[in-house]
1. Looking at Arg611, Arg570 in this structure, which one is in contact with a Gly (Cβ under 7 Å, 6 or more places away or on another chain) and at pLDDT 90 or above?
2. If you go through the stretch 331-345 one residue at a time, do you hit one that is touching a residue at least 40 places away in the same chain (Cβ under 8 Å), small (Gly, Ala, Ser), farther than 30 Å from Leu385 by Cβ and in a loop (DSSP other than H, G, I, E, B)?
3. Go through (1) in a loop (DSSP other than H, G, I, E, B); (2) under 30 Å from Tyr461 (Cβ atoms) for Gly928 and report which single condition fails.
4. Only one of (1) surrounded by 18 or more Cβ atoms within 10 Å (Cβ to Cβ); (2) assigned to a loop (DSSP other than H, G, I, E, B); (3) without any contact (Cβ under 8 Å) to a residue 40 or more places away in the chain is not met by Ala908, so which one is it?
5. Name the pairs whose Cβ atoms lie under 8 Å apart, with the first residue in the stretch 360-372 and under 9 Å from Asn345 (Cβ atoms), the second outside any loop (DSSP other than H, G, I, E, B), and 6 or more positions between them or separate chains?
6. Would you point out which residue out of Pro627, Pro634 is in a loop (DSSP other than H, G, I, E, B) and either modelled with pLDDT under 90 or under 30 Å from Asp796 (Cβ atoms) (or both)?
7. Is it the case that the stretch 999-1013 has a residue that's in a strand (DSSP E or B), of a type in the set (Val, Ile, Thr), assigned by TED's automatic domain parsing to the domain that holds Asn913 and closer than 30 Å to Ala316 by Cβ?
8. Considering only residues that are in contact with a Ser or Thr (Cβ under 9 Å, 6 or more places away or on another chain), among the β-branched types (Val, Ile, Thr) and farther than 30 Å from Leu136 by Cβ, which ones fall in the stretch 787-829?
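The values are calculated or read from the model by the stated rules, or taken from the named source; none is laboratory data. Just so we're clear, the structure is a prediction, and the values are computed from it rather than from any experiment. All Cβ positions, glycine included, derive from the backbone under ideal geometry; neighbour counts span all protein chains shown.
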Amino acid sequence: MPLYLPSAFLTCFNIYLLGHGKYLLLRRSILISKIIKQQIYMKQKLLSFIFVWTSLIGLAFAQNRQVSGRVTSSTDGSALGGVSVAVVGTSNATQTDGTGNYSLTVSSNAVLTFTYVGYQSQRVTVGNQSTVNVQLVSDQEMLEEVVVQVPYGTVKKTAFTGSESTITAKTFEKQQVASFTKALEGTVSGIQASSGGGAPGTSADIRIRGIGSVNASSSPLYVIDGVPYSGSNVAISTDDIESTTVLKDAAATALYGSRAANGVIMITTKKGRSSEPRLNFTARLGFLNRAIPEYDRVSIPDYYEGMWHATRNRLAGGNPANITDAINQNASNQLITGLRYNVTNAANNQVVLPNGQFNPEAEILYADDWQDVLFRTPFRQDYNLNYSGGSNKSTSYVSFGYLNEPGYVKFSGYERFNARVNVDTKIKDWLSSGINLDGALAYQDNVSSSGGTATTNPFYYTRMMGPIYPVWQRDREGAFTVDPLTGGRVLDWGVNSQMGARPYAGNSNLLGSLDLDERSGKIGNVNFNTYLEAKFLKDFTFRTTLGGNYYNRYTTTFQNPEFGDAQNVRGRSTKIQNRQLSFTFNQVLSWDKTFNEVHNINALVGHENYRLERNFLSATRSGFPFPGNSELAPGATLEDATSYANFHRIEGYFSRVNYSYEDKYLLSGSFRRDGTSRFFPGRDGQDGNQWGNFYSLGAGWRISEESFLKDVSWVNELKLRASYGEQGNEGVVQARGTDETDQEDPTNTNIDNFYGWQSLYGYGWNNVNMPGAIIGSLPNEGLSWEKNKAVNVGLDFTLFDRKIDGTIEWYNRESTNLLFQVPLPMSTGITSIWRNVGTMYNRGIDVQIGYNAIRNTNFDWRIDLNFSHYKNRITKLPAESRENGIISGTKKLMEGEDLYQFWLRDYAGVDANNGDALWYRDEVDAQGNVTGRTTTNNVNQATYYYHGSAIPDLVGGMTNSFRYKQFDLSVLLTYQLGGKFYDGNYASLMHAGNYGTHWHTDILNAWKQPGDQTDVPRLQNNIPGAGAPNAASSRFLFDASYLNVKNITLGYNFDKTWISRAGLSGLRVFANVDNAVIFTSRKGMDPQRAFTGTADYTYPTMRNFTFGVTIGL
């Protein structure tokens, strides 16, 4: 490197040299030499520094680099989300995302540790690897799966003697539902679910292992984060659910005592994790249409022809011999007189010719479709933002959600805002606490869709409205009538002042009235759950929990003053306020001790107090001077006003002991004593029914741990278990008032009865201005618990290097002390009283099998199959009903039969000579013995028979889960084999000829002339009731089997190394469809609608198409 000196320095130096001669020349040489040496030294230092610095940087880059990979379960190859991935000896850590992927910057000599609850921790040295994939093995020595949540402790799956099934968050992520109850069907064995219909903001009804009661509640107990839940199921966002555990037998449920007879569904919400903070955002957008298609109905020409035949047969008196040309002509003359509407350009008496054929020269001027104008394809939106993070001392989970689910019917929909905060803190090594707080605000627009034949019900109205009746008023040429004030189309209300008095649903038009009416609900739901836990004396833990729920619903039902049912009173408005407040306070002391490394005892004792208060307020006014205002103040007349308060208390003391020897032989026992305010408390503390004792005993044998199976390599886990116990059912119910409809589950016709043992009075029996009351029920001090005695035997297995796993269970569930209404003497003034007199059992099997068909790095395929079968039998009825049974609708309760056995007339077809409907009738001798049977055309003389049950032979689901690299696909099928379904909707469409109402296309097969061979009777207006062809009979009973492609989900997870460059921790896009295809025995029929196997005019099951994205930061 050359040395450059400043030019000014060199000039001065040259002058100096000239003035001093040789001596200075020598000095110059020495000076330059020193400068050069110094520069060389500095150069060497600089080069050395640069070399060392570069080496260090290079070494750093060589040792620290990005490592990524995927963590899966060795059991089934599924991805494990939330696995903690940390560099040993440092604070450098991360967590796997929902697809099991992770990414972390590490040095070459780093050692990674992978830890996850229920799996053995694993350490891997990075070395020169850039990809580290890990399969975690479930640990048989440690906690495998949490079954029973706080407040009653936890238990290893291998040490559990009860029956349970767990559903993970992945199941809820795939199905786009407002309520978690609609995502349970088909996922685990032992569950049967009604669809709940497709109304926005509604829940499904759940049954676990059959039918728990005849007249009391059969619904399971819901527990959220260890606290029994009394609020709205729709208010709990599925995005916040970590897992759901279904407890089925006595060993699993007895600790909940008086509320556990019908099983328990335990929900655990998501928690924060002690790792780097995570922020996730999920957006789901989609649309809905009906999954159950509409019934096939006749066309306009077919409708006119059918009504002509009905008119002709009426004129002939139902006798084909009376038919003449004059009668045929008269039928053509009277047809439009009866129907009132002529939608053709033909004369009224020429629409259908005397030969019964639609006039081929007639032109149809208009054909409005009521379903097209009242139904729509709604756009659904669902968003969730959540944060998770924490440290070794404190963790937190925070989420916010928004759901907007417009209804399939116009003027209906559900909108919800929800939020949740879960915080857990370790105050000391021995002391921890936490709080879970969530809330939801919702607005629900309803239509009258809870069933029934009211003309305000859009499903009944649009199905039954004849095809000739228009939505909009027309002139004689078929052109729209225009409103001179608005310039818009005029709606046809079916009145004389317009196109005529419509014979069906006159003075109504739902497109207009639903817009003018209001059926809305404003809903608030808040839950809190806080706990304090202390560990002391090494083996003891004390935990106290306080939880509460506040639920409020403000309902408005307004019928406009201009049109419809309330026109005659100038409009009607009803305001209802439902308020509910509940608290649960419990204290649990547990002890866990291992002796000599082979004996383990886990015991707990506890106390729990539950308080519930409900307030109801309702007021109705009519006489509104102008439309558009539903508030009560403008109403001129007070029609009704009422209010009441209900109070309920449960006090419980409980204990449980679990014992295991060498983690091989298992014993468990639990006991709970409950007191409830529903029953008679006794006098002076004696002879009361308030307190009940409930218990369970369980045993298990881990056969796979025996020495004779140790060398059997294909057996990974084999456990035999059995349990017996008794639970109570204090869920006494009563019929729901018309103003107390459960908008979350419109099919639920019962409400809690908290005062069943007391003598009650009904108010409103006033004499002018003097208040009056009448006795409504007698004292019932003997009213007590229904009891459920359950036996369960199960076999758990994991085989062939964890390729196959599953459970097979048999159970016998006997319900005793069942409540029935027993008749009372007329002299009492009361018709009946509730008594604990019945007995019934449910016996069945549950099978759940998982098969890991393929497991490798790039491709996984797992099959999960479950099915359940049970038989229900009533073994004891009240003495007064044993001979003749109890008839209720299409059912008859008898000893030896099941609860949902159909009791109907037996349809015998059609008399080919005259078209009469025929039914079978028993022939009996003088002693009343049946000697044979014949047919009759008088429905009132027909004999009733049993015709099968609504209970299916088999019910279950199957899931196929695939993964190819970053892609994943899952398909969930739910099914039912066997069982019967009475299709009342179809029966209504097969009427004999009621003017104005629609027909099913099967009516085209109706008998028309002597000799016709058909199973559809002749059509005839005003046919006497004794000959009504669509009277309830086996004619309308069908096979209830179905197959539902319940969910298809396709997703793609972007490579983590790519998205990390954009600052993202995860990115997933997905598409799914719920209720993709439903196969049933008849088009239009929905056998999932109700457990009883009957239909109503309600919201159909909906098909939901969704496209979504999840972004992680």
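1. Arg570
2. No.
3. Here Gly928 meets the rest and fails (2).
4. (2)
5. As it stands, the answer is Ala362/Thr344; Ala362/Gln350; Glu363/Thr344; Ile364/Ile300; Ile364/Pro301; Ile364/Thr344; Leu365/Thr344; Leu365/Arg474, since those pairs meet every condition given.
6. Pro627
7. no
8. Matches in the stretch 787-829: Val791, Val793, Thr816, Val822.
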